[in-house]
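The values are calculated or read from the model by the stated rules, or taken from the named source; none is laboratory data. Note that the coordinates shown come from a computational prediction; the quantities given were computed from them, not determined experimentally. As a convention, Cβ positions derive from the backbone with ideal geometry for all residues, glycine included, and neighbour counts pool all protein chains shown.
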Amino acid sequence: MRSNSYRIVSYKIKHGYDVSGFLLCYRSLLQRAIDIIWSNIKWVRKWEKKYYIVEREGKKIRRYYRVRRLIPVVPRTKEFKRQLRNELMNCWNYAPHYVDSAIKVAYSILKSWRRNYVKGERRREKPVVKRLFVRVKETLYVYRDGRIRVTIAPRKHYLEFDLNRSWFKNRVKELELGELILTRHELIITFRKPIKEKYAERIGWDLNLFSLDGFSPKHGWVRVDLSKLYHIHRVHEVKRKKAQRVASRKFSVKERASRHGERERNRAKDFVHKLTTELTSKFPNTVHGFEDLSKNNMYGHSRKHNRDVGKQNWKQIVQYMSYKGRVELIDPKNSSSTCPACGGEMVKLRKGQVVRCVKCGLELDRQLCGAINIYLRMCGFPQSPSTFYRAVIRKMIPRWRMQMRALGGVATNGGEGDDMPSMNSRRWLSLMNPKAYIGLQKPT
Ligand SMILES: [Zn+2]
C-alpha cells in the first residue's frame, strides 16, 4: 500500500488526421516483432498431470493421467532484445521510439497467448495482429497547456490534439497523462489517477497500565487515559476480598463473590468497547501498531497482579481494535529501552518515567519512547539518527512547541504519579495532556 498506486482512466477524442499509412506500417512492425520472437521461442517438453472425473456410486472420483506437452520459453535476454530492436529498425522510417513500443506490445501479446496456451485455452499458433492501432509511449508526445503533440517522425511529422475543447477537460485537470493509443479516427488518452490510500496514516501505540500512549508524526504524542479501566479492576478486587472474607465464614455469600468477577469483566469489556470505538473514529484511515503481546516476555515478577490485569485488557484492546480498524502487530522487543535515534540502551531516570540514552544522551518519556519505537518499526525504519530526525523530530517540533504552550510552557510532572491513577476520567476516551518532555541535547 504505497502511494504510487494508480487507477487508469481513459477518454477518447475524435480526430480528422489521415494516419492509416502510419497505422499499417506499425501493424506490420508489430507483427514482425512477434514473428521474430516466435521463431526464437524454445519449446520444452514437459509431463503434465491431468485428470478426468468419473462417477461411481454417486461419488465423483478423479482419474489421473499424464500427457506430454510443449511449453514455450520466450526469449528475454538483453542481447536478444537488442538484436530484435536492430532488426526492426532496418525497416522503420518513423520515430525510433515506436520500435520500443512495438516490442513491448509484442511481448505482452505473447505473454497473454502463453498464459492461455498453458491453461489449454489456446492452440500452438502464432498470434496475428488484426487491429489497427499505435501505442504512443510517453517519450513520443509532449503535453502542454491542454495540448498534446505527438511525434510521428521527428522534425518532420507531428499531430496535435487539443484537449481544451473536450468535455472531460475539467475531470483530468490535475491528472498525469499516461500512454496514448492512436487509431484511425480516434485518440484514446489514458490518465493516471492516484488511488487515495485508505489507510494513509500510521500510529504506534504503547500499552501501559494507566495510559495508552500513541505516536504519529501527525498527532504527535497522544495519551489516552486508562486509569478508569484500572479502577474497575481495583474496586472489584477490594470488594472481592471483602466478600471472600465474609464468604469464608458464611457459605451463602460465596455465590456473590464469584459474581463480582463476572461484573468486573463485563465492565472492563464495556470500557474497552467504547475506548476502541472512539479510537477508530478519532483516528480514521489509520493503521494502528500494537506490540505483539504473544511475543512479549518482558514481565518481571514484581507487581505481578498489575501486569496480569494489564495484559488481559491489552489483549482485549488489540483484539477489538482489529475488529474496528486495521491493526499491525509489531515485535515489542526492548521497545521502551532502546533509543529510537541511535539504537543505544535507554536507562531510567526520575523513578523510571524518563529514560535517557547512554550512547547519544537523548531523553524521552518512557512511554513515548515505546510508542515512537513501535511507530518506527511499523514503518520499517531502522534506528538511525537521520531517520529519527526526519521521521520524528522534524515533524514533531512544531507540535511539541504547541503542547508546551498549551501547558503554560512548563513541562508538568504528570508522569510522576505513576503508581497513582488520575481521577479525571469521566469521559470514556479522555486524552491526557502528555507532558512535553523530550530532552534534545543532540537532535541529530
Ligand atoms: Zn541514542
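Numbers for the structure displayed
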| item | result |
| --- | --- |
| Within the stretch 346-357, considering residues that are surrounded by fewer than 19 Cβ atoms within 10 Å (Cβ to Cβ) and either under 21 Å from residue 390 (Cα atoms) or more than 15 Å from the ligand (Cβ to nearest atom) (or both), the one modelled with the highest pLDDT | 353 |
| Residue within the stretch 368-379 that is surrounded by fewer than 24 Cβ atoms within 10 Å (Cβ to Cβ), away from the ligand (no atom under 14 Å from the Cβ) and under 14 Å from residue 393 (Cβ atoms) present | no |
| In the stretch 210-234, the residues that are hydroxyl-bearing (Ser, Thr, Tyr) and over 13 Å from residue 372 (Cβ atoms) | 211, 227, 230 |
| Strands (runs of 3 or more DSSP E) contained entirely in the stretch 332-391, each with at least 2 residues that are over 28 Å from the mean Cα position of the chain (by Cα), more than 23 Å from residue 212 (Cβ to Cβ) and assigned by TED's automatic domain parsing to the domain that holds residue 290 | 354-357 |
| Subset of the stretch 1-56 [at pLDDT below 90 and among the polar types (S, T, N, Q)] | 3, 4, 5, 10 |
| Residue match in the stretch 264-281 (condition: in a loop (DSSP other than H, G, I, E, B) and either at pLDDT below 70 or surrounded by 15 or more Cβ atoms within 10 Å (Cβ to Cβ) (or both)) | no |
| Matching residues, the stretch 322-345, being away from the ligand (no atom under 16 Å from the Cβ) and either of a type outside the set (Phe, Trp, Tyr) or modelled with pLDDT of 90 or more (or both) | 322, 324, 325, 326, 327, 328, 329, 330, 331, 332, 333 |
| Search result, residues across the stretch 26-64 that are surrounded by 10 or more Cβ atoms within 10 Å (Cβ to Cβ) and of a type in the set (Asp, Glu) | 35, 48 |
| Residue match in the stretch 154-165 (condition: in contact (Cβ under 8 Å) with a residue 40 or more places away in the chain and under 15 Å from residue 10 (Cβ atoms)) | yes |
| Residue among 130, 173 that is at pLDDT below 90 and in the same structural domain as residue 100 (by TED's automatic domain parsing) | 173 |
| Residue satisfying condition, being under 30 Å from residue 392 (Cα atoms), among the hydrophobic types (A, V, I, L, M, F, W, C) and surrounded by fewer than 19 Cβ atoms within 10 Å (Cβ to Cβ), within set 153, 200 | 200 |
| Condition broken by residue 73, with the remaining ones in (1) within 38 Å of the chain's Cα centre (by Cα); (2) closer than 30 Å to residue 164 by Cβ; (3) β-branched (Val, Ile, Thr) satisfied | (2) |
